[in-house]
Amino acid sequence: MFSLDTLKTVILGAVGTFVIIVLIVRMASAYAKKQWGELVTEVAGAIVVFYACFFTDSFVELIKKIGVGIFG
């Protein structure tokens, strides 16, 4: 039977992979131009995207904990 959870997993995996590829290309470009600040920013962005797309449930729980910590 077709499940929306499987569709969500496939779509998040595909989108996450595409975004990671784009960020890797941007990282290579920043490295070639010796733009170290941009390179660090791209690495941080790639880590967040990877975590959000491939570990969705724990990412949502982390965002909820941060929200509760900030807003009570």
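Every number in this text was worked out from the coordinates using simple rules, so none of it is lab data. Note that the coordinates shown come from a computational prediction; the quantities given were computed from them, not determined experimentally. All Cβ positions, glycine included, derive from the backbone under ideal geometry; neighbour counts span all protein chains shown.
Per-residue ellipticity at 222 nm computed for the chain from its helices equals -31000 deg cm²/dmol, with DSSP H segments shorter than 4 residues left out and the rest contributing -39,500 (n - 2.57). The charge dipole of the chain, taken about its Cα centre with unit charges on the Cβ of Lys, Arg, Asp and Glu (plus for the first two, minus for the last two), comes to roughly 200 debye. Between residue 12 and residue 28, residue separation times 0.36 nm minus the direct Cα-Cα distance comes to 3.4 nm. Considering only alpha-carbon pairs that sit under 8 angstrom and 6 or more positions apart, the relative contact order computed for the stretch 4-71 is 34 percent. How would the stretch 15-72 be classified by its alpha-carbon gyration tensor: rounded, prolate or oblate, with rounded meaning a/c under 1.5 and the a/b versus b/c comparison settling the rest? It comes out oblate by the Cα gyration axes.
Amide H contacts of residue 35 (H built 1.01 Å from N, in plane; Pro and chain starts excluded): no residue 5 or more places away or on another chain comes under 5 Å. Electrostatic bookkeeping for residue 56 treats Lys and Arg as +1 and Asp and Glu as -1; over the other residues with beta carbon under 12 Å from its beta carbon, the sum is -2.
Charge tally around residue 71: other residues with Cβ under 13 Å, Lys/Arg +1 each, Asp/Glu -1 each, net +2.
Note on the chain: dipole from Cβ charges, positive end direction compared against 21, 53, 11; the farthest Cα belongs to 21.
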